[in-house]
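Below: the structure, in structure tokens.
The values are calculated or read from the model by the stated rules, or taken from the named source; none is laboratory data. Because the structure is a prediction, the values reported are computed rather than measured. All Cβ positions, even for glycine, are placed from backbone atoms using ideal geometry, and neighbour counts span all protein chains on display. The area values use the complete protein model at the heavy-atom level, side chains included, leaving out ligands, DNA and RNA. Shrake-Rupley method; radii C 1.70, N 1.55, O 1.52, S 1.80 Å.
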Amino acid sequence: MSPRHVPASVTELSRIGLFASLPGETLGELADRMRRDEVTAGTVLIEEGRPGDRFFVLLSGVATVSQSAFGERGILKAGEFFGEVALAMHVPRTATVTAMTPCVVASCDAETFDELVRPLFADDGDDGDA
């Protein structure tokens, strides 16, 4: 295992709002299963139209979100996440995310997303009165 592909740390993940409700044991398991990568500015992290196989969290740095039909759609900063749409909905990537600055990202595969991360999205609201 190269030094660039080490697991994310519990400390890094605990700073991510999405993971705030996770018990320590679950957060530890997620950290063990998430790959931590340092990327240079200009690196394309996900590409619109490609199959989605990983969920990402931006631990540091800034990235842009763009779509071919609309151009730049926004900016991602440390603590934000991306890549969930393709995994949750089983569709190709809906946008391209490119590092604007050197970034540190943590990512997990679809199995880890389904088991440990997807339930966090279900907790965002109740299934009631929509």
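Worth a mention:
- Some residue of segment 13-29 being of a type in the set (A, V, I, L, M, F, W, C), at pLDDT below 90 and open to solvent by 60 Å² or more (accessible area, probe 1.4 Å): yes
- Inter-residue pairs, beta-carbon under 6 Å, first within 16 Å of residue 40 (Cβ to Cβ) and open to solvent by less than 10 Å² (accessible area, probe 1.4 Å) and in segment 95-111, second in a loop (DSSP other than H, G, I, E, B) and modelled with pLDDT of 95 or more, 6+ apart: 99/41; 99/43; 103/61
- Residue 44 meets all of the listed conditions (1) at pLDDT below 95; (2) touching a strand residue (DSSP E or B) at 6+ places or on another chain (Cβ under 7 Å); (3) open to solvent by 50 Å² or more (accessible area, probe 1.4 Å) but one, namely (1).
- Pairs are defined by a Cβ separation below 6 Å, a sequence spacing of at least 6 or placement on different chains, a first member in segment 39-60 that is farther than 20 Å from residue 110 by Cβ, and a second member that is open to solvent by 80 Å² or more (accessible area, probe 1.4 Å); the pairs so defined are 40/102; 41/102.
- Unique match (being open to solvent by 50 Å² or more (accessible area, probe 1.4 Å) and touching a Phe, Trp or Tyr at 6+ places or on another chain (Cβ under 7 Å)) among 70, 81: 81
- Selection from segment 1-57 of residues that are in a loop (DSSP other than H, G, I, E, B), under 18 Å from residue 114 (Cβ atoms) and of a type in the set (Asp, Glu): 53
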